[in-house]
Ligand SMILES: [Zn+2]
C-alpha cells in the first residue's frame, strides 16, 4: 500500500471517501447531500455505510432530545413546586400579619383553646408542642402568669384578667378628638417602610396586636380614634428608630 493510500485510508476512517477517492466527506457533510448526490459520489457499499450511520445518528439525536425533554420537564416541575411553596409561605405570612394587625385582639383571646395552634394572648403561631397544648406561647405564658400543669380554669381566669388589662389599656389610648399631633397608621408605615424594615418589625415597634404591648418608644404608641389607629406625628422624625432597634 502506497503512502497516499495509507493517508486515504486514515481519512476514510474519519469519513467517507467518494468513488474517485479525491474527497473524504464527514458524516455531517454527507447529511447535507441530497440522495442523488450521495448516489453520484459514493459506491454502493459506502452508500449503505452512510445510510446506516445517519440512521444511528438520528436515533442518538432522538434519544438525546428525549433526555433533554425529560430534564426540562423535571426542571419545570421543580420550578412549579418551588413557586407553589413560595406562594404558601407568602400566604402564611399574610395570615400571620393579618392576625397581628387585627385591631380587635379581644375577640382573639375569647376564642377557645382548641380552635387553633396560635397563642391565645398574642395570636402568633405556636411551634412547641407544649405551647400548642396550652394554647399560649412561653413568653406570653410568663407574662400573664400561666405555669406548666395549671388547671384550664385557672388559665382562663388569667387570660380574662389579661384581656381586661388590654381593654383598659386600649381605652386609655382612645382619643376624644383627632388633632394634627397624630397621623394615620398607614402614613407612619409609609415613612418607616423607607428605612427598609419589615411591616412585622414596625408592628412589633408599635406594641403589636392592637397596641397590647409597650411600644418601642412614645413615638410608636398607637392611639385609637373612631375605630382607626393613629400614631404621634413625631414618628415621622423617628422613622429610623425601628431599624436602629434591630441592631
Ligand atoms: Zn403569645
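What follows is calculated from the coordinates using simple rules that are stated; it is not laboratory data. Computed from a predicted model, the values in this text were never measured in an experiment. Here the Cβ positions follow ideal geometry from the backbone for every residue, glycine too, while neighbour counts run over all protein chains shown.
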> If you stretched the chain out fully between residue 35 and residue 129, how much longer would it get, using 0.36 nm times the residue separation minus the C-alpha to C-alpha distance?
Replying inline: 26.3 nm
> How far apart, in nm, are the 7 Å Cα→Cβ label points at residue 84 and residue 214?
Replying inline: 4.7
> For a label point 7 angstrom out from the Cα of residue 234 toward its Cβ, which stretches of the range 183-213 have the backbone nitrogen within less than 14 Å?
Replying inline: 183
>> Quick check on the range 136-247: what does the Kirkwood estimate of hydrodynamic radius come out to from the alpha carbon pairs, in Å?
In response: 15.3
> With each pseudo-label sitting 7 Å past Cα toward Cβ, what's the residue 148-residue 243 distance in nm, one decimal?
Replying inline: 4.2
> Going by average Cβ neighbours within 10 Å, how do the peptides 146-154, 21-29 rank, with the highest at the top?
Replying inline: 21-29, 146-154
> For the range 136-193, rounded, prolate or oblate, judged on the Cα gyration tensor with a ≥ b ≥ c (square roots of eigenvalues), a/c < 1.5 rounded, else prolate if a/b > b/c?
Replying inline: oblate
>> Just to verify a number: FRET efficiency for residue 19 and residue 70, C-beta to C-beta distance, R0 = 30 Å, to 0.05?
In response: 0.10
